[in-house]
1. Would you please give the residues with an amide H less than 5 Å from that of Ser153, counting only those at least 5 places away or on a separate chain, with H modeled from the backbone geometry?
2. So, taking all protein chains as they sit and a 1.4 Å probe, how much accessible area belongs to Phe25, in Å² rounded to tens?
3. In debye, nearest 20: dipole of the stretch 74-162 around its Cα centre with unit charges on the Cβ of K, R (+) and D, E (-)?
4. If you keep only loop residues by DSSP, which GluC sites (Glu not before Pro) in the stretch 116-146 have at most 15 other Cβ atoms within 10 Å of their Cβ?
5. State, as an integer percentage, the relative contact order of the chain based on alpha-carbon contacts under 8 Å between residues 6 or more apart.
6. Residue farthest toward the positive end of the dipole of the chain, with Cβ of Lys/Arg at +1 and Asp/Glu at -1: which of Leu211, Leu72, Asn58?
7. Placing +1 at every Lys and Arg Cβ and -1 at every Asp and Glu Cβ, with all other atoms neutral, what dipole size does the chain have around its Cα centre, in debye to the nearest 20?
8. Can you give the charge dipole size of the stretch 119-182 about its Cα centre, rounded to the nearest 20 debye, using +1 on the beta carbon of Lys and Arg and -1 on the beta carbon of Asp and Glu?
Amino acid sequence: MEFSIRGQAKKKEGLLTEEELAKRFLNWPDAFYQERSPKIRLQMLDRADELGLAKEENALRRQILLARYPALAKKGAESPDLYLRAWMEFRFEAHNAGGPFARKKRAEALQVLKDMGYFQAETEEEKRLLAQEISHLGTLYISLCHEDKGYTSVVFGLGSLSQDTIVRKIATEFRSVAIDAPRKLSLEKECEIWTRSLVSAFQALYPEEEL
């Protein structure tokens with residue numbers, strides 16, 4: 001009975017039960033990057049620490065996760081996704097970069113990257129895990145696009161777009177965010193991990209589609 005009550009409490013908090021959590025560790029760390037909920041991902045890292053799994057590596061994962069969701073460390077707090085914020089900023093700049101305010105826009109984009117903890121990755125291991133987290137963003141964004149009826153419908157919601165059209169629409173957006181925006185902002189070098197990770201996430205799901 002006590003186990004059942006604890007399980008119900010976990011569900012209410014938006015967390016996994018002990019049984020569900022144990023199943024995730026049959027596929028660690030892939031399960032961490034397949035999970036969408038920030039709270040559950042933090043729960044998984046907590047359990048990984050309890051199990052003594054790759055402590056140094058998971059400490060870096062935690063650092064990256066909390067940089068992405070800064071309020072996540074506060075129990076029960078909802079936190080904005082600063083990676084998604086960067087995505088939106090780059091999507092906007094892909095169409096609006098340049099002009100008399102080019103230097104200001106470049107500085108603003110750099111600040112967005114700084115806010116999401118992008119430049120904290122200095123060692124090769126930190127950069128590898130940062131790349132995995134950015135790939136997680138790319139995969140998550142694709143899932144959200146397919147689930148959004150507004151994104152997948154024609155004008156005024158009169159019918160749905162074909163799957164090929166949806167993929168091309170997503171490809172255009174990925175190209176804008178991962179490639180066009182860094183180029184227009186003269187940030188190709190700084191955004192190398194950003195670009196490579198998003199392109200990799202897209203191509204993993206659509207290997208025959210080019211960006």
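1. For Ser153, whose amide H was placed from the backbone, the distant partners under 5 Å are Leu161.
2. For Phe25, the solvent-accessible surface is approximately 40 Å².
3. In debye, rounded to 20, the stretch 74-162 gives about 340.
4. On the way: sites: Glu122, Glu124, Glu125, Glu126, Glu133; in loops: Glu122.
Filter output for the stretch 116-146: Glu122.
5. 19
6. Leu72
7. Details: 33 positive and 34 negative charges, 131 e Å.
Dipole size: approximately 620 debye.
8. Values: 6 positive and 10 negative charges, 78 e Å.
That gives a dipole near 380 debye.
The values are calculated or read from the model by the stated rules, or taken from the named source; none is laboratory data. As the structure is a computational prediction, the values presented were derived from the model and not from experiment. So basically every Cβ, Gly included, is an ideal-geometry build from the backbone, and we count neighbours across all protein chains shown. The protein model used for the area step is the full one, side chains on, heavy atoms only, and it has no ligands, DNA or RNA in it. Shrake-Rupley method; radii C 1.70, N 1.55, O 1.52, S 1.80 Å.
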